[in-house]
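First up is the structure itself, then whatever we jot down about it.
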Amino acid sequence: MLWVDKYRPKTLDKIIVHEDVAQNLKKLVTEQDCPHLLFYGPSGSGKKTLIMALLRQMFGPGAEKVKVENKTWKVDAGTRTIDLELTTLSSTHHVELNPSDAGFQDRYIVQEIIKEMAKNRPIDTKGKKGFKVLVLNEVDKLSREAQHSLRRTMEKYSASCRLILCCNSSSKVTEAVRSRCLNVRINAPTEGQIVKVLEFVGKKEGLQLPSGFAARIAEKSNRSLRRAILSLETCRVQQYPFSNNQAIPPMDWEEYIFEIASDIMKEQSPKRLFQVRGKVYELLINCIPPEIILKRLLFELLKKLDAELKHEVCHWAAYYEHRMRLGQKAIFHIEAFVAKFMSIYKGFLIATFG
Amino acid sequence: MSLIQCCLVPVDERFAATRVMLDEEDEFFSLKSNFSHSKLKTRPSSVPRAEIRKAKKARLTNSCTRSCKESSGFDEIKRFCEDFNEGFTGFKIPAGCERSNKDLWVDKYAPYSLEELAVHKKKVEEVKVWFEERLRNTREEFCNHVLLISGQAGVGKSATVRMIASHLGATIFEWNMPTPTIWQEHLHNSNSGIRYTSKLDEFENFVERIRKYGMIPSTITGGSQTSIIFLIDDLPLTLQTTTHVPGTELQLSLQSAGACKVAFNPITVNSIKKVLSKICREEQCKVTADQIDLIAKASGGDIRQAITSFQYFCLKSRPILSLSFSNGTPTYSKERSHELNRLDDGFSFPFGRDETLSLFHALGKFLHNKRETENSFALDKDAFVLKERFARLPLKMDAPEKVLCLAHGQARPIADFLHENVLDFVSEEAIDDASVVASYLSDADFLLASLSGILTRNYEAENVVQSAAASVAVRGVLFGNFHPSPSRWHAIRRPKLWQVEQSLWHNKLEMVNQSCVAYNGVSLSNLSVIATENKPVLKWLGFRVSEGLEAPQVLMQGNVVEDKNFDSMSLDKKDNDTSDDEIEDW
């Protein structure tokens, strides 16, 4: 088991990083009925950890007895029925799913599942009608239609069902949905907090962490706690005892993008563009999201770039990132950005060095 | 008695179905060379040697079905004899077709001598020499008695062989493909108790029969050494089996087995014109030379089609559309494109083949980006003057949209193909051009995506957007590629993107199945998190959580190798499809 999972706090009391949030949530759940919740914040900040701990707080250890189901939903969409296959994870008290896996038919999924959950709601010990919790991941990737239907169902079934939404950016969640939820912002942990966690993990594993080493990992982690713990584990495998100047291995795809960036800087020609395309294909095949590829590529390119070009390059990156989200095939847009960059950079080189 | 076998094989390169099994074919060769005396089956299929395709086909199917239904031996033999009698009364006039024949000018003015053939003299000579050699010499000297004639429809392949045969006094036995039995038909037949015989068996029977009985008339007529020519039409269809071997491969394997190959070119406009004028004289139609010229050009080298449309044209005594030729146009290429344009515009013409382009042909046009060397519109003062960097020379082709229409190109595949291939055609220095092209392709993709995913589809709007996207992609490529790389042979690749998408989809599915492995299985996690963080670390740590994880975890290098194999496998055929000269030709 990875350390990330091994040392993930199970209860709200054990949470180190967002202690205040955890305590507030605990109070919220114990003292009164829980509203719909919307957790948002960058990746690796502990949203899911909080949600899981919260579920445990609400339902006790029963929330951890889950089963994974790959269920086919038959959805009646007006004139025809659609079969949707979706992986869900459910306990007696909650259901969790990634509705965006359903692609553009996500709105049916949301409605259908909530309806079904509302039908068989559990009865708790006091004979009161209890509620079930539906955890929806990646709400920001839901289509607009799906979010609209989510709004309706939230109102209609609010008696029997609570929603916990989880996303990276709340700006992509419609205003209507946001206003119906208690918004909980989970900000990225500071480097100090990350160091604290790393030291905690180190102590549990019985590792000697040289001073400053944890800080270096924290610095490299881009304020993602998950990333930091994963790095710690890879370092442990790479070399132990740790030395202070030990290199922290980057992710393979990051290295790959670094290579692409240096390829681009070295030569600007259609042939090179073609090679870059091949490399981007490989990243895509390995399921690296195209947005992340583009972002990382820009990041790597900017590091090597003259200040006067940075503005323009950023502009085009933003332009093609937008295009990519609107468009269908990411490679067209990533390539367009690379070509644009090559063109700008070559022009710049010629202008400067003749 | 010398026995000449010749297979005339009009492998119709465009339209022929292309399923042939090689093994079967070898068998088929040995069958001919060994002449094993197997038992003669008296099951008749027709011994066809009719002349017009339509008529013979009708008759053939007729006799086939009849022969299946009736099984009385007498009838069989009777028909068998009939067929033979027909065969010996001269190969031109099968009974029953006579009347209708004369209505069709194609048959009425079919060539009666070698001189009349519209085929190029040299080709005729080539075929004739081949026949003569084999007639003169004994069988032992020439082991290959197979001549393979290829060429598009209506270039006079069959006519040439018939003419030569009659010139040399040889008898032709023509094998026509019986209509294939479809499965439902087969079921129906077997229910009604009719036995199915494979087409290959039928063919063997045919050969066997000719061998045994073909000689009889020659002995009757006094022992003159009549040679026999087998004419096998539509070879790929004849040997239709389940294994996939393309028609070109069939040709190759035939050649490697020792067949002599003669390729017929489309008939030249002048030859067609000559034939048409002759018909015109004999029929006394009032048709001007220009009109004949136009019909000849519209036929695309297919003389059968030219004559038919000519007849149709004369039938309708309506005046042809304005036909005056501008004699002032200087270059041939211009004149030609000019005329072609007019033909294309003239959908109102009552004749002419519907020209279609293959997708690859169209792609080749777009990618090679052939342009005139000088701008003829430059002198036009009223014309909107563009800045120099936006100005392009006129295209050496029709409007891109028209080409797309001819090629039946759909926006998505067109964009994918262009995207895959365009960089090869951009000059090595011109990254700016590449960037322009890429940005247009990005626009096209954006247009294509804008309507997908909406469930209540508006097909009309979608159509418009689709064609707009295709137009943007194509014109973007044409405009952006300002400095095309010097023309050389490029293979057009299949978009790798498709394959990438497939493996991406596959990997994603695997990942969805694993998505609960993280978080100790108590929660689902994002795909992107798994892909970007968990998987690389797991790979790094070198331990696998489960077997399921291993499968999609193909290393990057692994993927590449796999891809390459995949590509070369599936691309072989398509690569052949597009060659430079094909494009130049146009």
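Okay, residues lined up against (1) at pLDDT below 80; (2) touching an Asp or Glu at 6+ places or on another chain (Cβ under 8 Å); (3) in a helix (DSSP H, G or I):
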residue	(1), (2), (3)
B:456	yes, no, no
B:507	no, no, yes
B:513	yes, no, yes
B:520	yes, yes, yes
For residue A:16: the one exception among (1) under 22 Å from residue B:526 (Cβ atoms); (2) among the aliphatic types (A, V, I, L, M); (3) away from chain B (no Cβ under 14 Å): (1)
Please count how many residues of the stretch A:313-350 are away from chain B (no Cβ under 13 Å) and more than 28 Å from residue A:141 (Cα to Cα). 0
For the condition surrounded by 15 or more Cβ atoms within 10 Å (Cβ to Cβ), acidic (Asp, Glu) and within 14 Å of chain B (Cβ to nearest Cβ), what is the one hit in A:64, A:69? A:64
I'm checking my understanding of the structure. Among residues of the stretch B:436-452 that are within 32 Å of the chain's Cα centre (by Cα) and at the interface with another protein chain (Cβ under 7 Å from one of its Cβ atoms), which one is surrounded by the fewest Cβ atoms within 10 Å (Cβ to Cβ)? B:448
Check whether at least one residue in the stretch A:318-337 is crowded, with 16+ Cβ neighbours inside 10 Å, within 22 Å of the chain's Cα centre (by Cα) and among the hydroxyl-bearing types (Ser, Thr, Tyr), and report yes or no. yes
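So that you can scan it fast, the table gives a plain yes or no per residue for (1) touching a strand residue (DSSP E or B) at 6+ places or on another chain (Cβ under 9 Å); (2) closer than 30 Å to residue A:26 by Cα:
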site: A:182; (1), (2): yes, yes
site: A:203; (1), (2): no, yes
site: A:211; (1), (2): no, no
site: A:217; (1), (2): no, no
site: A:241; (1), (2): no, no
site: A:254; (1), (2): no, no
site: A:262; (1), (2): no, no
site: A:266; (1), (2): no, no
site: A:275; (1), (2): no, no
Kindly indicate whether residue A:233 is at pLDDT below 90 and touching a helix residue (DSSP H, G or I) at 6+ places or on another chain (Cβ under 7 Å). yes
Being in contact with a helix residue (DSSP H, G or I) (Cβ under 9 Å, 6 or more places away or on another chain), buried (at least 17 other Cβ atoms within 10 Å of the Cβ) and at pLDDT below 90 narrows it down to one residue among A:6, A:48; which is it? A:48
Condition set part of a loop (DSSP other than H, G, I, E, B) and hydrophobic (A, V, I, L, M, F, W, C), scope the stretch A:241-254, selection nearest to the other protein chains (Cβ to nearest Cβ): answer is A:251
Which residues, taken from the stretch A:222-240, are in a helix (DSSP H, G or I) and either closer than 10 Å to residue B:536 by Cβ or among the charged types (D, E, K, R) (or both)? A:226, A:227, A:230, A:233, A:234, A:236
Within the stretch A:222-240, does at least one residue satisfy the condition of being surrounded by fewer than 17 Cβ atoms within 10 Å (Cβ to Cβ), more than 14 Å from chain B (Cβ to nearest Cβ) and either in contact with a Cys (Cβ under 7 Å, 6 or more places away or on another chain) or of a type outside the set (Asp, Glu) (or both)? no
Which of (1) part of a helix (DSSP H, G or I); (2) more than 8 Å from chain B (Cβ to nearest Cβ) is the odd one out, the single condition residue A:305 does not satisfy? (1)
How do the pairs read when you match residues in the stretch B:421-435 that are more than 7 Å from chain A (Cβ to nearest Cβ) with residues anywhere that are crowded, with 16+ Cβ neighbours inside 10 Å and of a type in the set (Val, Ile, Thr), using Cβ under 8 Å and keeping only pairs 6 or more apart or on different chains? B:421/B:492; B:422/B:437; B:422/B:477; B:433/B:426
Looking at the structure I just gave you, is residue A:288 more than 8 Å from chain B (Cβ to nearest Cβ), surrounded by 22 or more Cβ atoms within 10 Å (Cβ to Cβ) and either of a type in the set (D, E, K, R) or under 30 Å from residue A:17 (Cα atoms) (or both)? no
Using the structure shown, decide if residue A:270 is within 9 Å of chain B (Cβ to nearest Cβ) and of a type outside the set (Asp, Glu). yes
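The values are calculated or read from the model by the stated rules, or taken from the named source; none is laboratory data. What you see is a predicted model, and the numbers here were worked out from it, not measured in a lab. Note: ideal-geometry Cβ built from the backbone for every residue, glycine included; neighbour counts use all protein chains shown.
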